[in-house]
Amino acid sequence: MSDRSIPLVQAEGLKKYFKRTRGMLHAVDGIDFSIMRGETLGVVGESGCGKSTLGRTVIGLHEATGGRVLFDGQDMGGLSRAERRKISTRMSMIFQDPYSSLNPRMCVADLIADPMRINHMHGDRYGRYKKVAELMETVGLAQRVAGSYPHELDGGRRQRIGVARALALDPEFIVCDEPVSALDVSIQAQILNLLMDLQDERGLTYMFITHDLSVVKHISTNIMVTYLGKCVEMGSSDQIFDDPKHPYTKALFSALPEPVLEARDKQTELLRGEVSNPVNPPSGCRFAGRCPLRTDVCTAADVPLYETEPGHMAACILCREDAG
Amino acid sequence: MKDTKANAAAIDVRDLYVEYRTDDAVVRAVNGISFRLEKGRTLGLVGETGAGKTTTALALMRLLPDRVSHVAGGEIYIRGDDVMALPDRTMNLIRGEIISMIFQDPMTALNPIMTVGDQIKESLKIHNSEKRSEREIDARVDEVLELVGIPAERKKDYPLAFSGGMKQRIVIAIALACSPDILIADEPTTALDVTIQAQVLALIDELKQKLGTALLMITHDLGIVVKTCDDVAVMYAGQIVEYGSVQQIFSPGDHHPYTEGLFGAIPNVRSKARRLTPIEGLMPDPTALPEGCKFSPRCPKCMEICRTQEPAESERDGHRLKCHLFGGEAHE
C-alpha cells in the first residue's frame, strides 16, 4: 500500500504553454504545490488565469511543458503508456458544465458505466450495472432516471451524473473544475455537501478549482490563489481568509458582494484596468498593471513567494520584510 | 385606472400572467405578479433559474417570442402607457429609447461580424428622434464608449478583440446610447469575474445617478442586490413570494421560508460551519405546478393548508409576504 507520509499529489515547477500565432501563451507558469491524502487544495483565480489548465495538466490531460507531477511519489512523466494508464484510473475529474460534458446520446446508466467499460473494470455488463446502481444511490440519483437522457434532467441532477462518473473507478484523487458554478445557489449547496460527504466517507483527495472565494472556504484545507498562470498566494484556508497578504487576494475579498446590509455602505476598492495578456507576458509581477500598490521594483524582476508565517506564502515584494 | 403621464411610475405591472405553449403542455412561467418601479429607483428581481425573472423582463419589453408565448392576463404600463395596447411601430420606438435592456451574456449578445462602433450606431440611427446628423451620431458613439470606460478609438474593433468585461461594457453602452429612462439589467455580471463585476456594477450605479434612470436589476446573487437595489422582489415559480425594501428583506424578522432558504444556501465567507444548508428538492415543473403554495413541496415549515390552498398576500409597511404563516391579518 502507498506511503501516507508523502503527499498524494505534488507538482514541482509545473509549466504549460500553448503555442499561439503571436507567441507562447503562458497558461501555467511554474507552479508548486502538494496535497496530502484526504485533504483539499482550493485553487482560486479569475477566468483565463490558467486554473483549468493546471487541473488538466495535473491529471495528465495536457502534457506539461516543464516541471513534473508526482502522484503517490511516482513521476508521471517517466511512466510507460501502460503504467500511465494504470495510474490514471486512480484519478479523475468533475467538469464545470454539466450541460456540455455529457454525451447527449447516452442514457444516465450508460454515461456512468462508460469509464468502467473503457477500463475493463467491474466485470461484464451485469457487474457494471450493479455498480452503476450503487453509484446512483451514492450521489443521490433516483434509479428511475437510469434510462433518461441528459436533456431530460436539470443542472443539479446532471452534475450528480458527473460526480458519479468521476467516482466510477474508485479514484483516490479528483480534480473538481468549477463543479457548482453553473448551478443555482440552492442546488450548489446540495452538490458541495455531497462532495464533502464523499470525502469523509472515502478519504478522497480533492483539487477544487473555482473563481468563487466563498465556495472554496467551506471545502478547502489549503488555498492557492492564482493570477495569470502563477501562484500569488498560498496558505491554509484560515490564513487566507483571516489575513490575506497579496494585493490581488485582498482585491478579490473586497470585490466579493456579501449579502448583508452592512455591505451597502462599504466602499469597494475597484481595480483599474483589465487583466493583462498571457501571451508572452512581461517579466515581474503579473498583477502589477492593476495593482494599487505598484512600485518600480515590481516590474523589474520576477517576484518569488515569500513565506510570511509557517505555511503562508505570498508573491509580493511588500511581503519581503515580513518574511525576514 | 390609468395614471396621468406626469406622475406615472416608470414601470407598473399589475397581476401579470405569461404562458409558453408547447405541443403538449402549457408552461406557466409568470403567475400573477404586481410591482411598481418609480423613476430613479432600483428594484431587484431575485430568484433561481425558472423563477420567471427573464420572462417578466421580456414581457415588459414586449419581446416574448409570439409563436410560443403570450401574456395570459394582467397589465403592463411603461410611464403610463399600456404596453399591450401600443401599436408595433410605437413600441419599436419606445424600446431602446425609453426602456432598454442589458442582456445576460455579453459573449453572445454582440454581433461578431460588426464593429462595436457600428453596433452602437445602429440603435442611434433607429431612434434618431433628435434628428442627429451623421457626424453628431459619430460623436455620440465616442461619448458613450468613453462613458463606459473604453477609449473611443477602439470603436473600429470587432467584439473578438475585447475581453469579457469590456464586451459587457459595450453591451451597456448600446443599452445607454439613447439615454433611456428605464434600464432592465438581466444578470449583467454573471458571466464576469468578481473584480470585473465590481467595476461593472460601479459603472451602472454611476450612470444611474448621473442620468436618473430607473433600474430593474435581475439577479440570483443576494450580494449584488444589497449593493445596488432599493427594493427587492423575491420570485419563485413565477410568483413574487416576498417584496420589500432592502432593509426589510435583509433584516431579521418575518420572511418567506424560500427567502430564508436562499440566504441559508449561500456559502458565507464569515461562517466557520463546514456544511451548507441547501433547500431540499428542485424547482417545480412549470407545466405541472403544485396545488396550493408553489413552494410547499420544498418548504421545511409546510402545513396542511399549504398543500391545498394558495396563500393570500399580507402586507405591512410595504413589506409583502405570500405565505400561510403570515396569512389573514397584517403580519406582526
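The values are calculated or read from the model by the stated rules, or taken from the named source; none is laboratory data. The structure presented is a predicted model; accordingly, all values stated were derived computationally and were not measured. Note that we place each Cβ from the backbone using ideal geometry, even for glycine, and neighbour counts take in every protein chain shown. For the accessible areas, the whole protein counts, side chains as well, though only heavy atoms, and no ligand, DNA or RNA atoms are used. Shrake-Rupley method; radii C 1.70, N 1.55, O 1.52, S 1.80 Å.
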Practice task
Determine whether segment A:181-204 contains at least one residue that is more than 9 Å from chain B (Cβ to nearest Cβ) and in a strand (DSSP E or B).
Solution key: no
Problem - Every residue from segment A:157-188 that is of a type outside the set (Val, Ile, Thr) and at pLDDT below 85 - result: A:181, A:182, A:183, A:184, A:186
Practice task
Might you let me know whether segment A:277-288 holds any residue that is within 12 Å of another protein chain (Cβ to nearest Cβ), at pLDDT below 85 and open to solvent by 60 Å² or more (accessible area, probe 1.4 Å)?
Solution key: yes
Practice task
Mind counting the residues in segment B:120-150 that are under 29 Å from the mean Cα position of the chain (by Cα) and part of a loop (DSSP other than H, G, I, E, B)?
Solution key: 7
Exercise for the section: Return yes or no: is residue A:37 within 19 Å of residue A:170 (Cβ to Cβ), part of a loop (DSSP other than H, G, I, E, B) and either in the same structural domain as residue A:313 (by TED's automatic domain parsing) or open to solvent by 10 Å² or more (accessible area, probe 1.4 Å) (or both)? Expected result: yes
Fill in the blank from the handout: Only unsatisfied item for residue A:77, checking (1) modelled with pLDDT under 90; (2) buried (at least 18 other Cβ atoms within 10 Å of the Cβ); (3) outside any strand (DSSP E or B), is (2)
Practice task
Show the residue pairs that are 6+ apart or on different chains and have beta-carbon atoms under 7 Å apart, the first residue being within segment A:229-254 and outside the structural domain of residue A:293 (by TED's automatic domain parsing) and at pLDDT below 90, the second being buried (at least 24 other Cβ atoms within 10 Å of the Cβ) and in a loop (DSSP other than H, G, I, E, B).
Solution key: none
Exercise for the section: Output the residues belonging to segment A:1-41 that are within 18 Å of residue A:66 (Cβ to Cβ) and basic (Lys, Arg). Expected result: A:15, A:16, A:19, A:20
Exercise for the section: Scan B:197, B:247 and give me the residue that is modelled with pLDDT under 90 and in a helix (DSSP H, G or I). Expected result: B:197
Problem - Looking only at segment B:238-249, and only at residues there that are buried (at least 22 other Cβ atoms within 10 Å of the Cβ) and within 13 Å of chain A (Cβ to nearest Cβ), the one that is farthest from residue B:299 (Cα to Cα) - result: B:244
Practice task
Output the residues belonging to segment A:289-324 that are under 25 Å from the mean Cα position of the chain (by Cα), open to solvent by 90 Å² or more (accessible area, probe 1.4 Å) and farther than 17 Å from residue A:236 by Cβ.
Solution key: A:302
Fill in the blank from the handout: residue B:192 meets each of (1) surrounded by 19 or more Cβ atoms within 10 Å (Cβ to Cβ); (2) of a type outside the set (S, T, N, Q); (3) more than 14 Å from chain A (Cβ to nearest Cβ); (4) within 23 Å of residue A:269 (Cα to Cα) with one exception, condition (3)
Exercise for the section: State all residues of segment B:209-228 that are facing chain A (nearest Cβ under 10 Å) and under 23 Å from residue B:178 (Cα atoms); if no residue qualifies, say none. Expected result: B:228
Exercise for the section: Test each condition in (1) within 14 Å of chain B (Cβ to nearest Cβ); (2) crowded, with 19+ Cβ neighbours inside 10 Å for residue A:253 and report the one that comes out false. Expected result: (2)
